[in-house]
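Encoded as structure tokens, the structure appears first; notes follow it.
The values are calculated or read from the model by the stated rules, or taken from the named source; none is laboratory data. Here the structure is a predicted model, which means the values were calculated and not measured. Cβ atoms come from the backbone with ideal geometry, glycine included; neighbour counts cover every protein chain shown.
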Amino acid sequence: MHPPEVSVASPADRTPVVDALVAAFRTDPVVRFFFPDDETYPRSAAVLFGHLFDKQVVKGTVWTVEQGAATAIWEPPVAGTAVLDDGRRPALPDDVLRRVHAYDQALRAVLPHHPHWYLGILGTHPAHAGRRLGRAAMSAGLRRAAEAGLPAVLETGNPVNVEIYRRAGWELVDTLTDPIPVWVMRR
């Protein structure tokens, strides 16, 4: 079996990547904290994922496998990165933006204050789960971090992911309990 081919995403990949991420994060605790309403979830999550994609694709730090089957959206070396740190506001309702802001504030308090690569989003479309495509998509950013001699950092609100990330070489470095439980990991 050949390893999956990982490619740098381009703006042309936006629709399949965003659609796959909406499907991948349908039950994710953090994303559902932002968007608890089942009816508005698909549209609202697409706005957020589109915002994050647009923010990073121009930097060449979005890697995808099989045209969006799995995607890793990385923030290159920064200190204190969080979800909406670029000054632009996605077109989301004020209540959603308040929840995202509260999450960002809590996350900023526990993220490193020295440069690091930040894995903001790693998602695999449910139809492609179990094929290690997410690990393949993640690998490009990990290589870039290693080449720069910098740590990589991520957070997950899904306790099942903590063990999955540990098996991929990540270590738990901090936790949040408010506004929701989150585990911060480093590699």
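Worth a mention:
- Residue 15 meets each of the listed conditions (1) free of Cβ contacts under 8 Å to residues at least 60 places away in the same chain; (2) touching a Pro at 6+ places or on another chain (Cβ under 9 Å); (3) of a type outside the set (Asp, Glu) apart from (2).
- Test: residue in the stretch 79-102 that is surrounded by 13 or more Cβ atoms within 10 Å (Cβ to Cβ), modelled with pLDDT under 90, of a type in the set (Val, Ile, Thr) and under 14 Å from the mean Cα position of the chain (by Cα): yes
- The number of residues in the stretch 128-141 being more than 16 Å from residue 9 (Cα to Cα) and in contact (Cβ under 8 Å) with a residue 40 or more places away in the chain comes to 3.
- Of residues in the stretch 22-56 being farther than 20 Å from residue 158 by Cα and of a type in the set (Lys, Arg), the one surrounded by the most Cβ atoms within 10 Å (Cβ to Cβ): 55
- Scanning the stretch 49-78 for residues that are among the β-branched types (Val, Ile, Thr) and either closer than 19 Å to residue 35 by Cβ or within 12 Å of the chain's Cα centre (by Cα) (or both) turns up 61, 62, 71, 73.
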